[in-house]
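What follows is a single structure, written as structure tokens, with notes after it.
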Amino acid sequence: MDYRLGPSYSACFLRLSTSAHLQSCVLRNAWSMSLSTTSLPTLRSITTRERIASVVSSLRRVRPRVPFWELSAHRRPTLWSLYRGLLRDAPTANIRTRVTAIFRQTRYLTGTAATKVQLVKCYKLLDVFRAAKAGDVHMQNILHRYDRLIKARAENDHMKHLILKDIAWRNKLRNRPIMTGSFLRASLANKPLPRLRPQPIAISMMIRKRRAARERRSERQKTVNEWLEDMKLERYFEETLSTITGGEFHGVYAKSNREWLEPLYQLRSGIQETFDRDLARSETPIPPNLITAIKAARRERVANKTRERARERAGVTLPRTLRRQRKGPPAHVLCKMSPAQRRMDKVVRSISEVGYIGEMKRRLGFKLREPDKWRVEIGKEEDEGHLRKEVQRVEAENLRRRRLIEQRGQVADE
């Protein structure tokens, strides 16, 4: 099989190139004829145009090719004359600190109008500094008041900073991660870790990023395998084509197949190594120090819950107490309860076991921790005689006062 171009194709290409050359010649001649027929401007017209351009050119806005903050015409006067002058002539350390803060706040301005406003303010401030340094009493008094104002503001800012820092520290302590006493099992994205509540964002983002990276590597490996399969097919195609043509076709992939495949093999082996590391991470055993820490966290959790329930029984209202009191029976039970039963259910959800709450719990059949605790309210048996005497004394005193008030009322009516 001959792959060379035949005579018919050569003749066709010759005709096309000849027609294109003729078209370009025609266009060139037409352009030269139009230039010859066009009249050139006179000397007077050229002189008038130059005079108008010289008048208007001074009014035309010139835009620099670089931003103004990179021009030496702006940087040198601002830094070396204005900023250094303000720092040198500032009368006190507070005013010098304020000047530094102003320049730090306005260093990122990119608009010419806003930058001009700030530069005008700073130059006026420089004039005030120089006047006070030269002996102007009025300017010295103004700068003295300005210094006291800056000092008071700095103290307020410092106190605000301390308050915000303390609030942030309290929030950090309130939301600090606590070991729950369980494990975060090893997986492809993490080694064995303690279960924390709340879980730190760093751990969550580490797991998320590793999962996303594994997905990307999987897609990459799939693409590399497809490329290797395409290379094999190309090699087989070229070898078959060379066999059919009797060796006249010289392939590209068949001769140097190893050079084409070696980079792909290296890339695939690198991806497989990452998968092997993920598998090794998922098979990591739990270290002994982590087991010790988890067991200690479990013991501390039991002790903490015991202390919490003891405080609750002592009468302290805790979040646990509020959560239990806000609960209610299931909906299918609640809809069948009478108003009295609903009120009774709400009462018995308290931690108390004495008084009215203890009475309701005994009526509903609750198993109380200390069934005889309600007797504390009525006193001990050996103190019953003393308590009855106290009751009689109180009733007699109340009766005496009542009679005295009635007598005073009768005297007032007479």
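The numbers here are math on the coordinates, done by the rules we state, and not lab data. Quick caveat: nothing in here was measured; it's all calculated off a predicted structure. Every residue, glycine among them, receives a Cβ derived from its backbone with ideal geometry; neighbour counts consider all protein chains shown.
Around Arg195, which amide H atoms from residues at least 5 apart in sequence, or from another chain, sit under 5 Å from its own amide H, with H modelled in the peptide plane?
Under 5 Å from the amide H of Arg195: Thr180, Gly181, Ser182, Phe183, Leu184.
List the extent of the Cα atoms of the stretch 317-378 along each of their three principal axes, largest first, rounded to whole Å.
Result for the stretch 317-378: principal-axis Cα extents of 38, 27, 17 Å.
At a Cα cut-off below 27 Å, give the lysines reachable from Lys160, other chains included and same-chain residues fewer than 8 away excluded.
Lys151, Lys172
By a straight-distance test (C-alpha under 25 Å), which lysines pair with Lys389 as possible cross-link partners, with residues fewer than eight away in the same chain excluded?
Filter leaves Lys373, Lys380.
With viscosity set to 1.567 mPa s at 4 °C, what whole-number translational diffusion coefficient in µm²/s follows for the stretch 180-289 from Stokes-Einstein and a Kirkwood radius over Cα pairs? All intermediate terms of the calculation are to be shown ahead of the outcome.
Working: Rh = 17.5 Å.
Translational D for this selection: 74 µm²/s.
Which FRET efficiency value, to the nearest 0.05, is calculated for Arg388 and Asn304 with the Förster distance at 51 angstrom and r the Cβ-Cβ distance?
My answer for the efficiency is 0.65.
Provide the three semi-axes, in whole Å and in decreasing order, of the ellipsoid equivalent to the stretch 68-173 as defined by the square roots of 5 times the Cα gyration tensor eigenvalues.
30, 22, 10
Give me the dipole magnitude in Debye, nearest 20, for the chain about the Cα centre, with unit charges on the beta carbon: positive for Lys and Arg, negative for Asp and Glu.
Dipole of the chain, to the nearest 20 debye: 1780 debye.
So what's the convex hull volume per residue for the Cα atoms of the chain, in Å³?
Working: hull volume 287.5 nm³, N = 414.
Per residue, the Cα convex hull of the chain comes to 694 Å³.
Once you place label points 7 Å from the Cα toward the Cβ at Ser54 and Tyr108, how far apart are they in nm?
Calculated label separation equals 4.9 nm.
Which lysines, on any chain, are close to Lys209 with Cα under 18 Å apart, when same-chain ones fewer than 8 places away are left out?
Lys191
First obtain the Kirkwood hydrodynamic radius of the stretch 247-327 from its Cα pairs, then insert it into the Stokes-Einstein equation at 37 °C and 0.692 mPa s, and state the resulting D in µm² per second as a whole number. Don't skip to the end; give the middle numbers.
On the way: Rh = 19.6 Å.
Answer from the Stokes-Einstein relation: 168 µm²/s.
Could you sort the peptides 214-221, 337-344 by per-residue average Cβ neighbour count (10 Å cutoff), highest mean leading?
Peptide ranking by packing, descending: 214-221, 337-344.
On a full-extension model of 0.36 nm per residue, what is the gain between Arg363 and Gln407, subtracting their alpha-carbon distance, rounded to one decimal in nm?
That pair, Arg363 and Gln407, stretches by 11.1 nm at full extension.
Using +1 at the Cβ of each Lys and Arg and -1 at the Cβ of each Asp and Glu in the stretch 317-378, identify which of Met360, Pro371, Gly328 lies farthest towards the dipole's positive end.
Of the options given, the answer is Gly328.
Looking only at the stretch 114-138, which residues have a backbone nitrogen under 14 Å from a spot 7 Å from the Cα of Trp69 in the C-beta direction?
The answer is 114-116, 118-119, whose backbone nitrogens lie closer than 14 Å to the label point.
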